[in-house]
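Engineer: This structure is in structure tokens; I'll ask about it shortly.
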Amino acid sequence: MGLHKIIVITIIISFLSNTESTCLPFSCDASNPDTIKLQFCNSSLPVDQRVDDLILRLNLDEKISQLGNTAPAIPRLNIPAYEWWSEALHGLSMEGLGVKFNGSIKAATQFPQIILTASTFDEHLWYRIAQAISREARAVYNAGELKGMTFWAPNVNILRDPRWGRAQETAGEDPMMVGKYAVAYVRGLQGDSFEGGKLKDGHLQASACCKHFAAQDLDYWNGHHRFTFDAQVTPQDMADSFQPPFKTCVEEGKATSLMCAYSRLNGVSNCANYDLLTTTARRQWGFNGNLKTNYCLLLKSYIVSDCDAIRVMRDSHGYTAEDAVATSLKAGK
Ligand SMILES: *[C@@H]1O[C@H](CO)[C@@H](O)[C@H](O)[C@H]1NC(C)=O
Ligand SMILES: *[C@@H]1O[C@H](CO)[C@@H](O)[C@H](O)[C@H]1NC(C)=O
């Protein structure tokens, strides 16, 4: 197994279309006699049943193939390829692999950096910006020039120290303020109302991701690197400062994804931290895998590692390759 490709650590996913929809790419073709009878293609069945049916049909190699961010197609089941990695902090971005702007669509609207937008203290504005990003993304996707609708934004780490170097992509230093930004952004991006209600039949317009969980606010400084940094944080500081934006992002924003950080927290790799991912996020905050659906997407709340974080655990955190993968999968299930 190519370890560098192990990026998505806890997912149950499929992109499916139903017969009424016009979404691209198609996975269940009503005119295809081989797949029309498959239960997971049948949009009149409950979503859980469709997901169970799909998972049961995948063999081990196919399941493993779907754990990286670039998930290949499974032609025998008519399942298309999917790219998990797209970025949209302040506008649809070329930084991820999902969009390249090299087709007929050459650009998308770029809004100001988050630190500036946040300084308006205008939650409606934050919401409307995310809503506009999401609608553009959906349009580009429907035009067939975006390979996925999962966006690894917003960044909800609080900014403790300007030497981090990523001040501009955060909503600043205040945990409550960052939490409010998170909620407005996630609701706008995911297609909910400003108050959090569903706008359209419970459908998900796009998937948002609260990153980087948790206590990451350093890239490289004075010999310390984000890959290996071991943040020493007291339980009180976790509860008061570092966790609240994530808690709010999940509980109030209903974000469909969390990203675990490269770094370590009190000696434990974030992506291998069962207490953080399972006990805190999944159990206490209810990030429990409720299914979200739209015409094209069945999505279970998923935890993704930062790019190559599992390889980093092998290379720099003292794990064997097998333990890095197994521990991460078990920590966030
Ligand atoms: C889809 O499921 C419904 C409900 O069980 C069933 O009536 C229908 O025949 C199914 N459609 C196909 C194409 O299998
Ligand atoms: C755009 O770039 C991607 C990735 O490099 C490539 O797969 C795709 O074919 C390109 N599309 C066009 C229209 O050139």
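Engineer: Looking at residue 134 and the list (1) under 30 Å from residue 79 (Cα atoms); (2) surrounded by fewer than 22 Cβ atoms within 10 Å (Cβ to Cβ), which single condition is not satisfied?
Structural biologist: Of everything listed in (1) under 30 Å from residue 79 (Cα atoms); (2) surrounded by fewer than 22 Cβ atoms within 10 Å (Cβ to Cβ), residue 134 misses just condition (2).
Engineer: On the given criteria, is residue 73 of a type outside the set (Val, Ile, Thr) and at pLDDT 95 or above?
Structural biologist: Answer is no for this residue.
Engineer: Say whether the condition of being closer than 20 Å to residue 304 by Cα, touching a residue at least 60 places away in the same chain (Cβ under 8 Å) and not acidic (Asp, Glu) is met by at least one residue in the stretch 41-50.
Structural biologist: No, there is no match, as no residue in the stretch 41-50 is closer than 20 Å to residue 304 by Cα, touching a residue at least 60 places away in the same chain (Cβ under 8 Å) and not acidic (Asp, Glu).
Engineer: If only one of 184, 153 is buried (at least 22 other Cβ atoms within 10 Å of the Cβ) and either among the acidic types (Asp, Glu) or touching a helix residue (DSSP H, G or I) at 6+ places or on another chain (Cβ under 6 Å) (or both), which one is it?
Structural biologist: 184 is the lone residue from the list that is buried (at least 22 other Cβ atoms within 10 Å of the Cβ) and either among the acidic types (Asp, Glu) or touching a helix residue (DSSP H, G or I) at 6+ places or on another chain (Cβ under 6 Å) (or both).
Engineer: Considering only the stretch 218-241, I want to know if a residue exists there that is farther than 26 Å from residue 98 by Cα and within 20 Å of the chain's Cα centre (by Cα).
Structural biologist: Taking every residue of the stretch 218-241 in turn, none turns out to be farther than 26 Å from residue 98 by Cα and within 20 Å of the chain's Cα centre (by Cα).
Engineer: Just one of (1) over 30 Å from residue 323 (Cβ atoms); (2) exposed (fewer than 15 other Cβ atoms within 10 Å of the Cβ); (3) at pLDDT 95 or above; (4) charged (D, E, K, R) trips up residue 198, so point out which.
Structural biologist: (3)
Engineer: Quick one: which strands (runs of 3 or more DSSP E) lie wholly within the stretch 245-333 and hold at least 2 residues that are modelled with pLDDT of 95 or more?
Structural biologist: Because the criterion is at least 2 residues that are modelled with pLDDT of 95 or more, the strands (runs of 3 or more DSSP E) in the stretch 245-333 that meet it are 257-260, 302-305.
Engineer: Pairs only if they're at least six apart or on different chains, beta carbon under 7 angstrom, first in the stretch 141-159 and not assigned by TED's automatic domain parsing to the domain that holds residue 90 and within 16 Å of ligand 2 (Cβ to nearest atom), second at pLDDT 95 or above and assigned to a loop (DSSP other than H, G, I, E, B); list them, first residue then second.
Structural biologist: Within 7 Å, no pair qualifies.
Engineer: Using the structure shown, decide if residue 118 is assigned by TED's automatic domain parsing to the domain that holds residue 242 and either within 16 Å of ligand 2 (Cβ to nearest atom) or touching a Leu at 6+ places or on another chain (Cβ under 8 Å) (or both).
Structural biologist: No: the conditions fail for residue 118.
Engineer: Checking residue 38 against (1) in the same structural domain as residue 179 (by TED's automatic domain parsing); (2) more than 20 Å from residue 192 (Cα to Cα); (3) surrounded by 15 or more Cβ atoms within 10 Å (Cβ to Cβ); (4) in contact (Cβ under 8 Å) with a residue 24 or more places away in the chain, which single condition isn't satisfied?
Structural biologist: (1)
Engineer: Quick check on residue 108: is it farther than 21 Å from residue 212 by Cα, away from ligand 1 (no atom under 16 Å from the Cβ) and surrounded by 15 or more Cβ atoms within 10 Å (Cβ to Cβ)?
Structural biologist: yes
Engineer: Would you point out the residue of the stretch 34-51, among those that are under 23 Å from the mean Cα position of the chain (by Cα) and of a type in the set (Val, Ile, Thr), that is farthest from ligand 1 (Cβ to nearest atom)?
Structural biologist: Within the stretch 34-51, the match that is farthest from ligand 1 (Cβ to nearest atom) is 51.
Conditions (1) touching a residue at least 60 places away in the same chain (Cβ under 8 Å); (2) surrounded by 24 or more Cβ atoms within 10 Å (Cβ to Cβ), marked per residue:
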| residue | (1), (2) |
| --- | --- |
| 236 | no, no |
| 239 | no, no |
| 249 | yes, yes |
| 253 | yes, yes |
| 256 | yes, yes |
| 269 | no, yes |
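Engineer: Consider residue 93 against the criteria (1) over 18 Å from residue 208 (Cβ atoms); (2) free of Cβ contacts under 8 Å to residues at least 40 places away in the same chain: it satisfies all of them except one. Which criterion is unmet?
Structural biologist: (1)
Engineer: From 123, 87, 136, 95, which residue is in contact with a Leu (Cβ under 7 Å, 6 or more places away or on another chain) and either at negative phi or in the same structural domain as residue 159 (by TED's automatic domain parsing) (or both)?
Structural biologist: 136
The values are calculated or read from the model by the stated rules, or taken from the named source; none is laboratory data. Quick caveat, the model's predicted, so the values are computed rather than measured. In this analysis, Cβ positions are derived from the backbone assuming ideal geometry, glycine residues included, and neighbour counts consider all displayed protein chains.
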